[in-house]
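Visitor: Before I ask anything, let me first share the structure, which is written out below as structure tokens.
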Amino acid sequence: MTDTDTVEVAAATPDKPQPFAELGLKDDEYAEVREILGRRPTDGELAMYSVMWSEHCSYKSSKVHLRQFAENPPHSDAMLVGMGENAGVVDVGDGLAVTFKVESHNHPSYVEPYQGAATGVGGIVRDILTMGARPIAVMDSLRFGEAGAPDTKRLVSGVVAGVGGYGNCLGLPNIGGEVGFDPTYAGNPLVNALCVGVLPHERLQLARAEGAGNLVLLIGALTGRDGIGGASVLASATFETEGETKRPSVQVGDPFAEKILIECCLELFDRGLVAGIQDLGAAGLSCAFAETAAHGDGGMSVDLDLVPLREASMLPVEILMSESQERMLAIVAPESVDEALALCAKWGALATVVGRVTEGDRLVIKWHGETIVDVEPGSLADDGPVYHRPLARPDAEQDALTADSSAHLARPASGDELLQTLLRLVASPELCSRRWVTEQYDRYVIGGTVLAMPHDGGVVRLGDETTRGIALSLDGNGRFAKLDPYAGAQLNLAEAYRNVACTGARPLAISDCLNFGSPEDPAVMWQFAEATRGLAEGCRALGTPVTGGNVSFYNQTGATAINPTPVIGVLGVIEDVRRRVPSGFVAPGHKVVLLGETADELDGSAWAWVVHRHLGGRPPAVRLDAERALAGLLLDAADGALLSSAHDLSEGGLAQALVEACLIEGVGAQVDIGSEAFVELFSESAARALVATADDAAVLALAATHGVPARVIGETGGAVFSVADAFEIGLAELREPFEATLPALFG
Amino acid sequence: MPATTRVGVVTFPGSLDDRDAARAVRAAGAEAISLWHGDATLQGVDAVVLPGGFSYGDYLRAGAIARFSPVVAEIVAAANQGLPVLGICNGFQVLCEAGLLPGALIRNAGLHFVCRDQQLRVESTTSRWTSHYSRGTEVVIPVKHGEGRYVADAATIEQLERDGLVTFRYIGGNPNGALNDIAGIRNSAGNVVGLMPHPEHAIDGLTGPSVDGLAMFSSVIGDLVAA
């Protein structure tokens, strides 16, 4: 006699109370499950529906908005695989393709910073591997509460060590990213990780269980009790005060196991041994079985007793829900299975046949010989609920925010006041050197890194035999999005696009990670709708399609939502990495040229926030045509080898760009920006860049043909940074406050 | 004209910079031979590089498991017969664990992983791997490690210094708290060298901070060709 809740038992006991609410399903969703099955679900089925229909897995609140990215996308010849797969795939020429994606691991990183961040990297790397690609680099976008707040040190130290610990041990260079601080992230840090991989076109893999009779192979780590309910419990609800008790929901990472898994899977792909592959991430086996079965041409039969367990006493529901890391599910033809198993053994990766692809359209899971799950897999993977959540602009709050412009704030006027403002900004946690973070990341491994932090974008050569490379930038700005989510999303997009163009690479496509508060709050939903609309329209204007990404809702503590924070990763291609353009001044005697137009746009700026703790007004004007023209100019100038450096202007404006350009290689600059020095230095107008050149006449002429305003503002050289009629400061005096801040805060 | 020099590069599970080491070997003009940790053969190579990474995850102690692998047993035997062996980062840790070099590498004093372009001074050119440098030359080679703090008992340190066995020393800041700023050492025969910095990441100005690392590989290859 057994007390397993089989399909038979479920049919016979329709009135048994079930804990659907605790698992995160709403009343109507539970009723819908019963309707689909024609009976009550078994415990196993209930667990599967609860995770697969969770916000995290089903995108039920965001789906109606995300459709804009797929419908009417910008024209692109480069897209090989679009949204909907594990990651989008873009053609970069020479028979090579690149796949990249950014994903959040926010809630686990708050509960358990090291493991949350580490497994965030591990998860996105497996998504890239699943496409058939060799992962070649990672990036991270991090946001925390005020730098000096009590809990921030714990989170920063743990998250940075976790991102580094996992990526370093995996052998993936970390080539860039960003770190931000704002009180709205105090109880809800953002940990977004991006991975990029490269593959020959013919190695592209898809997550499908095709061909009745093919075997289902589980490869990698043992399945344990970690991460149970991670997707439904952690990622799909708001934190109240029970963070501590959710710790068992956080997975534990083993980067060594993942390194083995990567090498093993790549060799499986290269030898043509797999017919389909899916990584195990959120919702573990439930998701992998459901998605591969739903997207294949048949059904699937699984014997759960065969899954190798870390703890023998695990219940079937726990096995289905476990989010143990470093596992992959492969579909293998029977004649290939011996070779596949032998190959896994060579790498020391555990591999076990746990099921097979069947005729028909049912996903049937057995336990101790009894059927505990019998469902149509599409009902789990594709037919989840879709919500048109109510959305409403919070007029009173938003109007007050817009009306509260920065115009009334005291501005520095004298040269000394300008210098003190500059020093305050460069020493602020918001704008200071990120070296304390980036030194904890290996940027050299694999030997292809051409540019990494502190340059505007990361640039990686795609192999030893080619000069072809890719560039990536990952950017967000929650303050602009708070002021105007539509414009803010476009400004974020434009910044990442501009950063890629500054390196000399042509922007091709984007991946986005949309971090917002609770979708059950109409004001948050309005922010989300505005941001996605802005992003979709921005992508059309810039000609860069969205290849995929991730939505993270419920980023709030109590009633306070984070600043809406779309984080945008832009991928570009560079035909010859020897033509890459660094961000810092490299030689004396080069002319410094400012590209683009500067207006008095200081609302939402770093200056307003750092000096006055003020956030209000309207973000800088979005000028996507100007962004496109600027990018065209930067690419042509890079192709013509006209630029010795190029740095985008964004947070902190021209002042910050000049400081960074001087400090990277220790080459100073003397500039003359006229009488409106404050606005020139600190405005954050979009569509601008700072370049250095040995041939300013050629750059100005080229700028004219692209319709980009350009003017020479000075010259590089010396060990000082000076602004005519305002101030002069030695680079050593500038470097000290710039470098000291993060080590002083976080040790 | 001698046949092309063959330099073995070992891959353990968890090796990361093995392809980079092979690239450096090729850049210096030799053939790179891949050696698998589980095979008890060196395939007749003329020299061996133990690359960086996290062999076996480094979960017990860096290099502690790798030293027991079949290939390392072969390397120890051959090194004692004079085979040139270079251990980089994790490879240095393996050489210390295997007893080919004295001392140990422990967690960085700052407790963080450190990746930076590091200034070094070449202290000894009387080894198979450093003969193409000039003594006292200052070079820039990346470091990237969490457990790179070289320690040994006082007598060992004294002997290393007295006998000129310190091959590289950190200058312009010690990244990990190593005793006497030691970045790399050699055995007294001069055929075995271990160092924490990564010369294989300083062979091309496009992807590294300098080309200062290439001389390590050309030293041994030049010696072998000359022999």
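The values are calculated or read from the model by the stated rules, or taken from the named source; none is laboratory data. Given the structure is predicted, the values throughout are model-derived calculations rather than measurements. Heads up, the Cβs are rebuilt from the backbone with ideal geometry, glycines too, and the neighbour counts pull from every protein chain shown.
Visitor: Would a scan of the stretch A:107-130 turn up a residue that is of a type in the set (Lys, Arg) and under 16 Å from A:Val460 (Cβ atoms)?
Guide: no
Visitor: Something else now. Given the conditions (1) at pLDDT below 95; (2) within 14 Å of chain A (Cβ to nearest Cβ), and given that B:Thr5 satisfies all but one, which numbered condition is not satisfied?
Guide: Answer for B:Thr5: the failing condition is (2).
Visitor: So which residues in the stretch A:447-486 are of a type in the set (A, V, I, L, M), more than 7 Å from chain B (Cβ to nearest Cβ) and under 16 Å from A:Val196 (Cβ atoms)?
Guide: Correct list: A:Leu451, A:Ala452, A:Met453, A:Val459, A:Val460, A:Leu462, A:Ile470, A:Ala471, A:Leu472, A:Leu474.
Visitor: Which residues, counting only those in the stretch A:678-698, are crowded, with 24+ Cβ neighbours inside 10 Å, touching a strand residue (DSSP E or B) at 6+ places or on another chain (Cβ under 9 Å) and outside any strand (DSSP E or B)?
Guide: Within the stretch A:678-698, A:Leu681, A:Ala687, A:Arg688 meet the criteria.
Visitor: While we're looking at this one, here's another question. Does A:Val317 count as of a type in the set (A, V, I, L, M) and surrounded by fewer than 16 Cβ atoms within 10 Å (Cβ to Cβ)?
Guide: no
Visitor: Looking at A:Glu45, A:Glu8, which is the one that is surrounded by 12 or more Cβ atoms within 10 Å (Cβ to Cβ) and in contact with a helix residue (DSSP H, G or I) (Cβ under 9 Å, 6 or more places away or on another chain)?
Guide: Checking each option against the conditions leaves just A:Glu45.
Visitor: Same structure, new question: With closer than 30 Å to A:Met48 by Cα, in contact (Cβ under 8 Å) with a residue 12 or more places away in the chain and in contact with a strand residue (DSSP E or B) (Cβ under 6 Å, 6 or more places away or on another chain) as the only criterion, which of A:Leu380, A:Leu363 stands out?
Guide: Answer to the selection: A:Leu363.
Visitor: Within the stretch A:718-747, can you find the residues that are at positive phi and crowded, with 16+ Cβ neighbours inside 10 Å?
Guide: Hit for the stretch A:718-747 is A:Gly718, nothing else.
Visitor: Kindly indicate which of B:Gly136, B:Gly173 is within 14 Å of chain A (Cβ to nearest Cβ), at positive phi, surrounded by fewer than 24 Cβ atoms within 10 Å (Cβ to Cβ) and of a type outside the set (S, T, N, Q).
Guide: Within the list B:Gly136, B:Gly173, the selection yields B:Gly173.
Visitor: Sticking with this structure for a sec: If A:Gly44 satisfies every condition in (1) more than 30 Å from A:Asp3 (Cα to Cα); (2) in contact with a strand residue (DSSP E or B) (Cβ under 7 Å, 6 or more places away or on another chain) but one, which is the exception?
Guide: (1)
Visitor: Return yes or no: is A:Leu80 in a loop (DSSP other than H, G, I, E, B), surrounded by fewer than 24 Cβ atoms within 10 Å (Cβ to Cβ), out of contact with any Lys or Arg (no Cβ under 6 Å at 6 or more places or on another chain) and touching a residue at least 24 places away in the same chain (Cβ under 8 Å)?
Guide: no
Visitor: Would you point out the residue of the stretch A:574-592, among those that are basic (Lys, Arg) and surrounded by 17 or more Cβ atoms within 10 Å (Cβ to Cβ), that is farthest from the other protein chains (Cβ to nearest Cβ)?
Guide: Within the stretch A:574-592, the match that is farthest from the other protein chains (Cβ to nearest Cβ) is A:Lys591.
Visitor: Return the residues of the stretch A:249-291 that are over 19 Å from B:Phe12 (Cβ atoms), within 14 Å of chain B (Cβ to nearest Cβ) and not small (Gly, Ala, Ser); say none if nothing qualifies.
Guide: A:Val252
Visitor: Only residues that are within 14 Å of another protein chain (Cβ to nearest Cβ) and of a type in the set (A, V, I, L, M, F, W, C): list them for the stretch B:188-199, please.
Guide: Hit for the stretch B:188-199 is B:Met196, nothing else.
Visitor: For the stretch A:639-658, check the following and say yes or no: at least one residue is out of contact with any Leu (no Cβ under 9 Å at 6 or more places or on another chain), part of a helix (DSSP H, G or I) and crowded, with 21+ Cβ neighbours inside 10 Å.
Guide: Scanning the stretch A:639-658, I find no residue that is out of contact with any Leu (no Cβ under 9 Å at 6 or more places or on another chain), part of a helix (DSSP H, G or I) and crowded, with 21+ Cβ neighbours inside 10 Å, so the answer is no.
Visitor: Of the residues B:Val114, B:Val94, B:Val122, only one is within 14 Å of chain A (Cβ to nearest Cβ), among the hydrophobic types (A, V, I, L, M, F, W, C) and in contact (Cβ under 8 Å) with a residue 40 or more places away in the chain; which?
Guide: Exactly one of B:Val114, B:Val94, B:Val122 is within 14 Å of chain A (Cβ to nearest Cβ), among the hydrophobic types (A, V, I, L, M, F, W, C) and in contact (Cβ under 8 Å) with a residue 40 or more places away in the chain, namely B:Val114.
Rundown of residues vs (1) buried (at least 20 other Cβ atoms within 10 Å of the Cβ); (2) at pLDDT 95 or above; (3) facing chain A (nearest Cβ under 10 Å); (4) touching a Gly at 6+ places or on another chain (Cβ under 9 Å), yes/no style:
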site	(1), (2), (3), (4)
B:Val9	yes, yes, no, no
B:Leu35	yes, yes, no, yes
B:Ala47	yes, yes, no, yes
B:Leu50	yes, yes, no, yes
B:Ser55	yes, no, yes, yes
B:Ala64	no, no, no, no
B:Phe68	no, no, no, no
B:Ala77	no, yes, no, no
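Visitor: To continue, here is another question. Among A:Ala413, A:Ala349, which is the only one that is assigned to a loop (DSSP other than H, G, I, E, B) and touching a strand residue (DSSP E or B) at 6+ places or on another chain (Cβ under 7 Å)?
Guide: A:Ala349
Visitor: Separate question: So, in the stretch B:200-217, exactly how many residues are of a type outside the set (Asp, Glu) and either within 8 Å of chain A (Cβ to nearest Cβ) or closer than 18 Å to A:Val460 by Cα (or both)?
Guide: Matching residues across the stretch B:200-217 total 9.
Visitor: Follow-up. Quick check: anything in the stretch A:375-382 at positive phi, under 33 Å from the mean Cα position of the chain (by Cα) and modelled with pLDDT under 95?
Guide: No, that holds for no residue.
Visitor: If I ask for residues that are among the charged types (D, E, K, R) and more than 14 Å from every other protein chain (Cβ to nearest Cβ), which ones from the stretch A:397-446 would you list?
Guide: If the condition is that a residue be among the charged types (D, E, K, R) and more than 14 Å from every other protein chain (Cβ to nearest Cβ), then A:Glu397, A:Asp399, A:Asp404, A:Arg411, A:Asp416, A:Glu417, A:Arg424, A:Glu430 are the ones that fit.
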